[in-house]
1. Quick check on the stretch 35-88: of everything there that is aromatic (Phe, Trp, Tyr) and farther than 15 Å from Gln112 by Cβ, which residue is surrounded by the fewest Cβ atoms within 10 Å (Cβ to Cβ)?
2. Within the stretch 23-65, track down each residue that is β-branched (Val, Ile, Thr), more than 14 Å from Ser108 (Cα to Cα), outside any loop (DSSP other than H, G, I, E, B) and in contact (Cβ under 8 Å) with a residue 40 or more places away in the chain.
3. Quick test for you: out of Gly101, Gly79, pick the one residue that is at pLDDT below 95, outside any loop (DSSP other than H, G, I, E, B) and touching a helix residue (DSSP H, G or I) at 6+ places or on another chain (Cβ under 7 Å).
Amino acid sequence: MYANGNDWVKSIDTVRKATLDANGKITQAIGSIEPDVTFTKNTIGIFVDSDTANLNWFKAGVLLQGFPVPFGEAGFAEGEEFRVILRRYMIYRFTKYPNIGQTKYLISFTPQWYIQDVRLQIWQYTGTNQGATLDSLAELNQQEIAQTTKLQTSVNKLQTSINKLIKLNG
C-alpha cells in the first residue's frame, strides 16, 4: 500500500541548530519546530537526522499533532503524540480523528534538548488507504447514509403516488 513513491509528497524539509558557546556546549537548545504547513492526510512519513548526534543515540524527539478549535483562545487542541527515532524512516498513521480527509492539522516537533543540529523531513501519504481503517469506515458510513437518504426520498415519492391512486380509485 505504501510502496508507490509517487503517493508520498514531501511537505517539510528543514534544518535547525542549537546555539553553542566557544567550548561547543549548548547554551540554547533547539526549540519546537512548528512549520506553517497544513496537513490533510492521516498518514505521514518522517525522518530525522543529525550530523553531530552520537551514532548510539536513538531519541530524536516528539511529534505532536494539533487541530484548530472553534472555541476558547488557545487556537489549537492537542491531537496525537508519538516519539520519533533518530536516523530511522518511520510511517505513522493518525487514528484519533477518523475523518482526517476533512480535517486539517498542523504538527510540532520538539527535538531532544541535547541534540545540536537536526534535519526534519515529513511526507504526506496521498494514496488510497486499503483495509478497514477508521477513516475508510467513516467514509463508507457517510456514503451509505447518503444512499439510504436518497432511497428513502424515492420510497416517499412512490408512497405519495400510491396514496393518490388509491384515493382516485376509492
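The values are calculated or read from the model by the stated rules, or taken from the named source; none is laboratory data. Small disclaimer: the values here were computed from a predicted structure and weren't measured. Every residue, glycine as well, gets a Cβ built from its backbone with ideal geometry; the counts of neighbours run over all protein chains shown.
1. Step one: filter the stretch 35-88 for residues aromatic (Phe, Trp, Tyr), giving 39, 47, 57-58, 67, 71, 76, 82.
Now drop any that are not farther than 15 Å from Gln112 by Cβ, which leaves 39, 47, 67, 71, 76.
Working: Phe39: 19, Phe47: 18, Phe67: 15, Phe71: 6, Phe76: 16.
In this case the residue turns out to be Phe71.
2. Within the stretch 23-65, Ile26, Thr43 qualify.
3. Details: Gly79 fails: touching a helix residue (DSSP H, G or I) at 6+ places or on another chain (Cβ under 7 Å).
Only one candidate passes the filter, namely Gly101.
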